[in-house]
Amino acid sequence: MTAEPAVATIEGTRVEYLDVTRVFGATRALDGFTLQIEPGELLALLGPSGCGKTTALRLLAGFDQLSSGQLLIDGRDVSRQPVNKRDMGMVFQSYSLFPTMSARDNVGFGLRLRGASTSDRRRRAGELLELVGLSAHTEKYPHQMSGGQQQRVALARALAIQPRVLLLDEPLSALDAKVRTQLRDEIRRIQLELGVTTVFVTHDQEEALSMADRVGVMRAGQLEQCDAPSVLYQRPATPFVAEFVGTMNHLPGVVRDGSTVQVGDQSVPADGQVPLSGTAVSVLARPEAVLVEASVEGDAVVQVATFFGAVTRLRMLRSDGVELLADVSSHRAGELAPGTRVAVSLVDRPVLVRTPSS
Amino acid sequence: MTTTRRRWRIPGGRVRLGWLGLAPFAAYLAVFFVLPSVLVLFSAFRRVDPDTGVHSFTLQNWSDSLHGAYLKGLENSIQLAAVTAVISAVLGLVLAYAISTSRRPFFKQLVSTSSAVLANFGGLPLAFLFVAVLGSAGVLTSTVQSLFGLSLQDDLHFSLFSIRGVELVYLYFLIPLMVLVITPALEGIRPQWREAAENLGATGWQYWRWVAAPVLLPNVLGSTVLLFCGSLSAFATASALTNGTLAIVPLQIDTAVSGNVLVGQENLAAALALNMIVIVVPLTLIYQLLQKRTTTWLR
Ligand SMILES: Nc1ncnc2c1ncn2[C@@H]1O[C@H](COP(=O)(O)OP(=O)(O)OP(=O)(O)O)[C@@H](O)[C@H]1O
Ligand SMILES: [Mg+2]
């Protein structure tokens, strides 16, 4: 049985940042930022504090002007278009609901500005509040709602105007962990249901990786890499991305020939660009690609074991002073308790290598 | 056992402490508001026979307080309070808005500090200052006279010692007072509200009309009420400026109390004071209600 969707789907819109720069005094908040966002996709912008995520979003919303470059929406340059004509639905970090209006009136505000009749407004606001799971709270005022409920209303309000692009700037960062994951899943469900192109800014990598179709990793006003979460995780394009997304071990190694590296007494295939033979490199390996065996002849000792449910993360110290992280199945945690001497090796899969300077 | 006893003790202790904290304020209220009000109430409806000294109930004082010169005084007082409250509310709001949107911390600091000082500046020093500037031989008065050949008194029909003059002087401390009381409300207006409104398609005017004004309105009204009450009961400045001759209620009370001319005048003073209380108390309640609204919204 297919129910009629409560709210009309939204025509996906394409967004293009072309070599966009935004300068604040001496700060280059965006510095040659180029990014294409496909119609209907949820793109997460991820990066450390101050890397320009908010700036990128505010430019798109029209709150701010580019210093140079182009910003295209469906192929049309929008840099001259004022905020109130752009039809972008923005959800702010917090406290953005109008305090004198009920949830219903907040959601209906954009429709009122567009001249919708009172009954139309009430009906559509009701539908949207139902979509975000707040049918029971339509007459409540912001100060009567929890942080999570307020953000749901803010989402419904942004969606009510059928935005060309939905913009979310760390909308979950003020909420506690449980509400955060719940609302994250819900935003994704609604986004898929409506098909609205969405840009989601966050500095929480788990949030970005779990929700987004693609994640754009930013650094110092530039886009380092933009790919699907799995690609980003498995094939980071730069050391910065490798560092920033997930956890990485760095093991000293030496290139043997064009395609293998020597790590300790193990020889593993190398991935991507490999320097000349004999070059000393850093071999990058995820904790789940590190194999651990209890062995009295091993040259590492387990220091700390942290339980994460199904897996336990071990921190080990090798006799040469290199620190290593490994994820092992939690049922093996007993035999690998802190103090255990272990032998460590890498899974036989291609690894990324970096010359120490890169 | 122990747990039960603890459970009983803690809430009990809290309740006692809570009352203790309120006690000084309650005592203050009783001594300086409730008691005087009751005395005023009794005194206003009492007559003392000049020959026998016998007390009796009468409506005469109260009736007198609402007739003739006293009625005129009440009208003057209300008009003075209303005019000064509205003008200073408007000008104070504009000034406070200019400060709150200013990006210059120095300017902000300057205005808020001087507001705090000026709002408490009154009485004799203030009257003297205005006399020096706008009095018959004031600096501005003579400047206007010599530059334009105009007399403030005869050509512009302005006298510092009339009700217009007193209004002007009152603005001097009421505008800063408005700035002080309305600034927190303006600072409570979140920039996200404006951005959210614009993002949803609002023009600047629409934002003000539908978002900012409803948030500010209770506070602006409440502040105006506060200014009205302050202006209505202000005494020292007007007294110093007009030598106690201006026909407004506070000065009439003063004359009645300190005059010692006729027996029974203090009962008339009480009736006049009662009229003031009857105006101010409901307004204070309204102010409280409006204030409560705003604090909920601006939390
Ligand atoms: N209005 C502004 N005036 C001056 N500098 C600004 C302004 N807005 C942003 N910047 C600067 O531009 C850089 C990028 O800021 P932006 O807010 O985009 O970072 P962000 O990635 O959103 O960081 P965060 O994760 O902390 O929110 C920062 O160095 C910031 O200080
Ligand atoms: Mg930001």
Take residue A:98 and tell me if it is among the hydrophobic types (A, V, I, L, M, F, W, C), within 8 Å of chain B (Cβ to nearest Cβ) and over 14 Å from residue B:202 (Cβ atoms). no
Just to verify a result, which residue in segment A:208-220, among those that are surrounded by fewer than 23 Cβ atoms within 10 Å (Cβ to Cβ) and within 16 Å of ligand 2 (Cβ to nearest atom), is nearest to residue A:237 (Cα to Cα)? A:219
Does residue A:253 count as assigned by TED's automatic domain parsing to the domain that holds residue A:297 and over 29 Å from residue A:316 (Cα atoms)? no
Yes or no: residue B:245 within 14 Å of chain A (Cβ to nearest Cβ) and surrounded by fewer than 17 Cβ atoms within 10 Å (Cβ to Cβ)? no
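This table checks each residue for (1) under 24 Å from residue A:173 (Cβ atoms); (2) within 12 Å of another protein chain (Cβ to nearest Cβ); (3) free of Cβ contacts under 8 Å to residues at least 60 places away in the same chain.
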{"site": "A:65", "(1), (2), (3)": "no, no, yes"}
{"site": "A:89", "(1), (2), (3)": "yes, yes, no"}
{"site": "A:94", "(1), (2), (3)": "yes, yes, no"}
{"site": "A:105", "(1), (2), (3)": "no, yes, yes"}
{"site": "A:108", "(1), (2), (3)": "no, yes, yes"}
{"site": "A:113", "(1), (2), (3)": "no, yes, yes"}
{"site": "A:123", "(1), (2), (3)": "no, no, yes"}
Would you call residue B:241 among the aliphatic types (A, V, I, L, M), within 22 Å of residue B:161 (Cα to Cα) and in a helix (DSSP H, G or I)? yes
Across segment A:35-68, the tally of residues that are more than 18 Å from residue A:12 (Cβ to Cβ) and away from ligand 1 (no atom under 15 Å from the Cβ) stands at 1
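Here is a yes/no grid of residues against (1) assigned to a helix (DSSP H, G or I); (2) away from ligand 2 (no atom under 16 Å from the Cβ):
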{"residue": "A:16", "(1), (2)": "no, yes"}
{"residue": "A:35", "(1), (2)": "no, yes"}
{"residue": "A:40", "(1), (2)": "no, yes"}
{"residue": "A:44", "(1), (2)": "no, no"}
{"residue": "A:49", "(1), (2)": "no, no"}
{"residue": "A:58", "(1), (2)": "yes, no"}
{"residue": "A:65", "(1), (2)": "no, yes"}
{"residue": "A:72", "(1), (2)": "no, yes"}
{"residue": "A:90", "(1), (2)": "no, no"}
Can residue A:281 be described as in a strand (DSSP E or B) and surrounded by fewer than 14 Cβ atoms within 10 Å (Cβ to Cβ)? no
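The values are calculated or read from the model by the stated rules, or taken from the named source; none is laboratory data. Just so you know, these numbers come straight off a predicted model, no measurement behind them. Neighbour counts run over all protein chains shown; Cβ positions are idealised from the backbone, glycine included.
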